[in-house]
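Everything below concerns the one structure shown next.
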Amino acid sequence: MRPLAKLVGQPLAVELLERAVATNRIAPAYLFVGPFGVGKALAAGCFAEMLLISPHQDYQKACQRLYHGNHPDFLWVEPTYNDRGELITAKQAEERGLKRKTTPQIRIEQIRGIVDFLSRPPLETKRNVVVIDGADYMAEAAGNALLKTLEEPGNATIILIANSTNSLLPTLVSRCQIVPFFRLSEEDLKYVLCRAHYPEILDYPHLIQLAEGSPGKAISDWQKLKTIPQDLMSKLVRLPEKIVEAFLLAKRISSELELDLQIWLADYLQSVYWEKERKPEIIYRLEKVKKLLLRYVQPRLVWECFFLENIPDT
């Protein structure tokens, strides 16, 4: 079995990781870095398979244990919110219907949990494996707490996953072997979407364009697009020509869509209107919409101003 054969469009990452296993030169810490949604988390899971699943095991059963959090030597950590003293992931917050204006973080409590996990020897394999997904959302105190563990991980391999190194402590980066990930070609992007059972996304060229080689972003954008009422979207694909229509559209957007979805919509409409109108001023005005929404300016007013600015002679 070659677990990393599942990874598309990342030949350098595959070569680096497979060579490390083949030569038994496993680094104590890795940093998987590259754009969102290009396969870093998949690669971390595949690499964990290579390190923790032996040839004599039932591969399917072993993978189920690994990916369902039932392997005693494997720990997956991701950013959390603090909900009344309970740390919950972004997915759990969404399932509970909790709205957050801040981003989740890797917290110092989670780093302490990693330290506790690594304080005992592996139970079933030769090493412990820890994956820290979203490491670029690590609080500074948590990053400092992780430093000593990276220096002396014991019989363990720690994998950090980040979109960039900009928000990571330089001392953390220097202690990791960097494995770079890149944007996929359009051909590979479409292949991954079909393999992931999202062929319908290929019918939306604007989503392909916005994805910029990231299957994860294409899927995320598709899910956002599906949450917008179809009748509203049918009106938005063209700019309103009458003032009353502009006011009605602004009212619907501000009342029916969450703020983060409105910000994404402005991004999507840039692609839509550029194809239809080819007017740079419309794109600049949508950039202004995004900036104002991010500053929490009243959304209805923001959209009214945008639509009115694009009606002739207003």
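Observations on the structure shown:
- Residue match in segment 30-49 (condition: outside the structural domain of A218 (by TED's automatic domain parsing) and more than 23 Å from the chain's Cα centre (by Cα)): no
- In this entry, K148 is excluded by the filter for residues that are part of a helix (DSSP H, G or I), at negative phi, among the basic types (K, R) and buried (at least 18 other Cβ atoms within 10 Å of the Cβ).
- Selection within segment 151-170 - surrounded by fewer than 16 Cβ atoms within 10 Å (Cβ to Cβ) and either in contact (Cβ under 8 Å) with a residue 60 or more places away in the chain or touching a Pro at 6+ places or on another chain (Cβ under 6 Å) (or both): S164
- Residue check: I219 meets all listed conditions (1) within 23 Å of G9 (Cβ to Cβ); (2) in a loop (DSSP other than H, G, I, E, B) but one, namely (2).
- Checked against the criteria, E287 counts as loosely packed, with under 14 Cβ neighbours inside 10 Å, over 24 Å from K99 (Cβ atoms), at pLDDT 95 or above and in the same structural domain as L210 (by TED's automatic domain parsing).
- Conditions (1) at pLDDT 95 or above; (2) within 24 Å of the chain's Cα centre (by Cα); number of the one not met by L232: (2)
- When segment 171-209 is filtered for residues that are surrounded by 14 or more Cβ atoms within 10 Å (Cβ to Cβ), out of contact with any Ser or Thr (no Cβ under 6 Å at 6 or more places or on another chain) and within 16 Å of V272 (Cβ to Cβ), the ones remaining, listed by number, are I201, Y204, L207, I208.
- Scanning segment 27-43 for residues that are assigned to a helix (DSSP H, G or I), buried (at least 23 other Cβ atoms within 10 Å of the Cβ) and not charged (D, E, K, R) turns up just one, A43.
- Scanning segment 237-275 for residues that are loosely packed, with under 13 Cβ neighbours inside 10 Å, among the basic types (K, R) and either part of a helix (DSSP H, G or I) or touching a residue at least 60 places away in the same chain (Cβ under 8 Å) (or both) yields a count of 1.
- Filtered by the rule that a residue be part of a helix (DSSP H, G or I) and β-branched (V, I, T), segment 175-212 gives V192, I201, I208.
For (1) of a type in the set (A, V, I, L, M); (2) modelled with pLDDT of 90 or more; (3) in contact with a strand residue (DSSP E or B) (Cβ under 9 Å, 6 or more places away or on another chain), each residue gets a yes or a no:
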position	(1), (2), (3)
L118	yes, yes, yes
E124	no, no, no
V130	yes, yes, yes
E140	no, no, no
L146	yes, yes, yes
I161	yes, yes, yes
V173	yes, yes, yes
C176	no, yes, yes
L189	yes, yes, no
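Table: residues versus (1) small (G, A, S); (2) surrounded by fewer than 19 Cβ atoms within 10 Å (Cβ to Cβ).
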site: S54; (1), (2): yes, yes
site: Q57; (1), (2): no, yes
site: F74; (1), (2): no, no
site: P79; (1), (2): no, no
site: D83; (1), (2): no, yes
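- Among all positions in segment 203-223, there is at least one residue which is β-branched (V, I, T) and touching a residue at least 40 places away in the same chain (Cβ under 8 Å).
- Checklist (1) in a helix (DSSP H, G or I); (2) not assigned by TED's automatic domain parsing to the domain that holds V33 applied to L172, failing item: (2)
- Test: L232 is hydrophobic (A, V, I, L, M, F, W, C), farther than 30 Å from Y191 by Cα, in contact with a Lys or Arg (Cβ under 7 Å, 6 or more places away or on another chain) and surrounded by fewer than 18 Cβ atoms within 10 Å (Cβ to Cβ): yes
- Residue list for segment 278-314, restricted to those being over 29 Å from the mean Cα position of the chain (by Cα), among the hydrophobic types (A, V, I, L, M, F, W, C) and assigned to a loop (DSSP other than H, G, I, E, B): I311
- Residue within segment 6-26 that is in contact with a Lys or Arg (Cβ under 7 Å, 6 or more places away or on another chain) and either modelled with pLDDT under 95 or not in a loop (DSSP other than H, G, I, E, B) (or both) present: no
- For A156, the stated conditions hold: it is under 30 Å from T125 (Cα atoms) and among the small types (G, A, S).
The values are calculated or read from the model by the stated rules, or taken from the named source; none is laboratory data. It should be emphasised that the depicted structure is a prediction, and the values quoted were computed from it without experimental measurement. Glycine also receives a Cβ, built like all others from the backbone with ideal geometry; neighbour counts cover every protein chain displayed.
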